[in-house]
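Quick note: the coordinates plus some simple rules give every number you see, no bench work behind them. Bear in mind that the values here come from a model prediction, so they are computed numbers and not experimental data. Please note: Cβ atoms are built from the backbone with ideal geometry, for glycine as well, and neighbour counts cover all protein chains shown.
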């Protein structure tokens, strides 16, 4: 395959951050070549949208920004420039109307990711962006050219400007496998180890509990750890727990396990009941009823919820119902996580997300060392950082 050399702009990675960078570069009149290792782009976006594509969140900006924890200050300029309202306007420009759900999350009106991605790719094609599928980036050669493993064999191309948007390492079957970490380490670029984020945890269930109740949701519950309480769903798995409420606390749980070897998650199985009300219900005469029947009749706890209470082995009383301790011993592997923490340290890039040791090379999206909970925060920051890298690139050149 022949390519002009040098390319005006090479964007490596066809996820949301890379597609947004390509769109912004093309809008600035720059010829863009976008490379992706997979046969098609946007695969993780499509999978994430299977249960409803969560674009962003409608809460106040200060609350929104706080979701990014330690990286909030660094990401603030990008998120102010392309925050929740800008994301909704951008989607509308693609012909995708949005709405705010009861949780404050923002979705396309049809909940689907595919129509948005198709419209986006049509816009990129119309802007002249050239897509190169099945091109896996291998790093730089001695001359500083970008090296790819391509269908026709090894390919080396020079580029006047490069945007790296290779994602993290969760769901590697969709293309983001974290191989770039070794490439950047060899180039002397500072990185933090990739860690699972928005992930499940091992809990050491009994064999009987795992066989019977894995995949049976327990809701509503309120889970608490390190002074934070989140209401939602808890899903027992074959090895432990996952679910929206768990994901919201996963960063704190993961870090506590790394420091102490385990973390105790407290589960309120009756979040709408007071402790006194639970105690009064449990005090009702049981007679000849089994414990399972008693819990079902007095507390409406049955199935996985009742079994979870018994699995805790702390006795069945009001305190256990309102604060059942679950000892978590390890986060699930990185490949199973929804997203990743770690990556390129912000100290390795300037304010415009350009690598300090490689002028003209910008990074964005999950390659950077930040994390956020589910709820639209991940996608919004990927889009915003892709746009920010390109905005700075225009000033740099």
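Annotations
- Separation in nanometres of the label points that stand 7 Å from Cα toward Cβ, at residue 50 and residue 111: 1.4
- Taking all Cα pairs closer than 8 Å and separated by 6 or more residues, the relative contact order of the chain comes to 24 percent.
- Gain in span if fully extended, residue 136 to residue 302, counting 0.36 nm per residue against the direct Cα distance: 54.7 nm
- Potential lengthening between residue 40 and residue 310 on full extension [0.36 nm per residue; Cα-Cα distance subtracted]: 92.5 nm
- Across segment 39-73, the residues whose backbone nitrogen lies under 18 Å from the label position 7 Å along the beta-carbon direction of residue 233 are 47-55.
- For the chain, the longest principal axis of the alpha carbon atoms and the long axis of helix 72-81 meet at an angle near 60°.
- Spin-label zone in segment 216-246 - amide nitrogen under 19 Å from a point set 7 Å from the Cα of residue 266 along the C-beta vector: 220-234, 245-246
- 0 to 90° range, to nearest 10: angle between helix 250-260 axis and the chain longest Cα axis: 80
- Note on residue 206 and residue 179: their simple-model spin labels are 4.6 nm apart, each label 7 Å out from Cα toward Cβ.
- Overall form of segment 201-331 per C-alpha gyration tensor (a/c, 1.5; a/b vs b/c): prolate
- A simple packing score, the average count of other Cβ atoms within 10 Å per residue, orders the peptides 20-29, 7-16, 124-133 as 7-16, 20-29, 124-133, with the highest score first.
- Approximate spin-label separation residue 85-residue 335, in nm, with each point projected 7 Å along Cα-to-Cβ: 4.4
- Mean Cβ neighbour count within 10 Å, used as a protection proxy, ranking 353-363, 135-145 highest first: 353-363, 135-145
- Peptide ranges 87-96, 197-206 listed from the most packed, as the mean C-beta count within 10 angstrom indicates: 197-206, 87-96
- Potential extension, residue 284-residue 255 segment - 0.36 nm per residue separation minus Cα distance: 6.3 nm
- For the chain, the longest principal axis of the alpha carbon atoms and the long axis of helix 377-396 meet at an angle near 20°.
- Overall form of the chain per C-alpha gyration tensor (a/c, 1.5; a/b vs b/c): prolate
- Centre-to-centre, using Cα atoms only, segment 5-69 and segment 168-231 are separated by 22 Å.
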